[in-house]
Amino acid sequence: MADESGIKDLTDPALAEFLTDSDALKGIRDLFHYPKAGTLPDVDPTLVDPNADSIYLCGNSLGLMPKVTEEVMKEHLDKWAKMGVFGHMTGEVPWAHSDEHCLEGVGRLVGAKKEEVSVANSLTVNIHVLLTAFYKPTETRHKILLESKAFPSDHYAIESQIRLKGRTVEESMVCMEPREGEETLRTEDIIDYIENNGDEIAIVFFSGIQYYTGQLFDIKAITEAGHRKGCLVGWDLAHAFANVPLHLHWWDVDFAAWCSYKYGCTGAGSIAGLFVHERFLHDKRDRMLGWWSHKMSSRFTMDNVLDLDEGAAGYRISNPPIHCVAAMLGSLKIFDQVSLENLRSRSCYLTGYLEYLVKTLFGENSEQRTTKLSISIITPENFHQRGCQLSLKFSSPIDVIYPELVKRGVAVDKRYPNVIRVAPVHLYNNYVDVRRFISVLQEVAHIVEDHA
């Protein structure tokens, strides 16, 4: 029976409309280009209105484009057209200094001081840059501890760094597995392993948020555990940057790296970032070098005598690509208008709503499930252990389900054989997007059953 608002129950699409209309941050969506269903590839116009908004829940792979980014990008394209080489040192944002214009905003997003962050390179390159400097294996302390199913690029980078330092992967790479029958790692198991084996571990290197399961690790607790045993602790924050509030300086993290094109919304393959704690501000350890590692004050003397920059700036290698930096500057203008803390609160409500709908309408033991297909959520239930993403595990392979979702204007991320990662992003998604996704999923589930 419906209440005075006309809402029958918590699964009623009318509730999604009400929550979206009542959302204090609903206007943020208008700051982005939100794709229409008809502009996505492989959409069937007989199944969906091409002029309707798509159901874009894939910002964990690629964030949407801020409208202001077009303006910032055009400014620098015009500058290039009109000034040529003089753009390097001229204008409000001289290209040679453009990365430095991002540091304050990026520092706020990761909880760091300006001198602790650098905007440079790509994520995997920065992982190599940092491990080259910080991984110094000895006969007694040479292992790198990471989670199993780490993102392949991280895995390969760590393998190669171990080999480059004269060790073998078999003896020096430790990949922690969840307990039997569980999908995610328990914090207490990670800490126990470090406390029992830390004397052999040179570096603990986990993901802030695990890309496959969506698990948000306890960065503070794991960092403290590593330090108690004399380990250096680094983090891959690809899925945490601009997703959840971070406090890298206060958590005493040694180093970290991230990409910016997921929740940072800077465009595919755009410029990445790195963090080096201020404890290493004057540290001169050997590292990969380039002319952007050299202090700007004497960089153009060109005498080939390195005057190493301090802090994270000394881990840069090349001059910043202005069109990538322009995208970062555009993104930061969005975060100037809304705090990550407020976005985080919104994110918890969005994922909570998605979780409720999945459990109620697709839960294995739910009385309201109307399909043979059931879905479990492998992402932790605790809001403190997840960000924008929920990873859905299907009771049957998704090789038929996923293409049918795409035909209906749904953008989500598939992980065969049976996982779909769904990310209602706090910046531009809303409750209607989530409810529409569930409706399409119900439709597809019935179609798959009818053709089974």
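The values are calculated or read from the model by the stated rules, or taken from the named source; none is laboratory data. Remember, it's a predicted structure, so these values are computed and weren't measured experimentally. FYI the Cβ positions are ideal-geometry reconstructions off the backbone, even for glycines, and counts take in every protein chain you see. The accessibility values were calculated without ligands, DNA or RNA, using every heavy atom of the protein model including side chains. Shrake-Rupley method; radii C 1.70, N 1.55, O 1.52, S 1.80 Å.
Annotations
- In the list (1) 24.4; (2) 40.1; (3) 28.5, the label attached to mean projected area of the Cα convex hull in nm² as derived from the coordinates here is (1).
- Net charge of neighbours whose Cβ lies under 13 Å from the Cβ of Gly330, counting Lys and Arg as +1 and Asp and Glu as -1: -1
- Accessible area per residue for segment 1-101 is 59 Å², calculated with a 1.4 Å probe on protein heavy atoms, without ligands, DNA or RNA.
- Summing Lys and Arg as +1 and Asp and Glu as -1 over all other residues whose Cβ lies under 12 Å from the Cβ of Val448 gives a net charge of -4.
- Taking Lys and Arg as +1 and Asp and Glu as -1, the other residues whose beta-carbon sits under 13 Å from that of His384 total +1.
- Entry comment: accessible area of segment 365-433 is 39 Å² per residue, from protein heavy atoms only and a probe of 1.4 Å.
- Judged by the mean number of other Cβ atoms found within 10 Å, the most tightly packed of the peptides 104-116, 250-262 leads the ranking 250-262, 104-116.
- Heavy-atom accessible area per residue - segment 133-266, 1.4 Å, Å²: 37
- Fraction of accessible area attributable to carbon and sulfur, the chain (%, probe 1.4 Å): 53
- Cα gyration tensor, segment 243-391 - rounded (a/c under 1.5), prolate or oblate: prolate
- Links that overshoot a 26 Å alpha carbon limit, given the list Lys136/Lys284; Lys165/Lys414; Lys113/Lys414: Lys165/Lys414; Lys113/Lys414
- The DSSP beta bridges internal to the chain are antiparallel in roughly 55% of cases.
- In a DSSP loop and with at most 11 other Cβ atoms within 10 Å, the GluC sites (Glu not before Pro) in segment 156-205 are Glu180, Glu182.
- Between the C-alpha center of segment 381-452 and that of segment 104-164 there is a gap of 32 Å.
- Ellipticity at 222 nm from helices only: DSSP H runs of n ≥ 4 in the chain, each -39500 (n - 2.57), divided by the residue count, give -10500 deg cm²/dmol.
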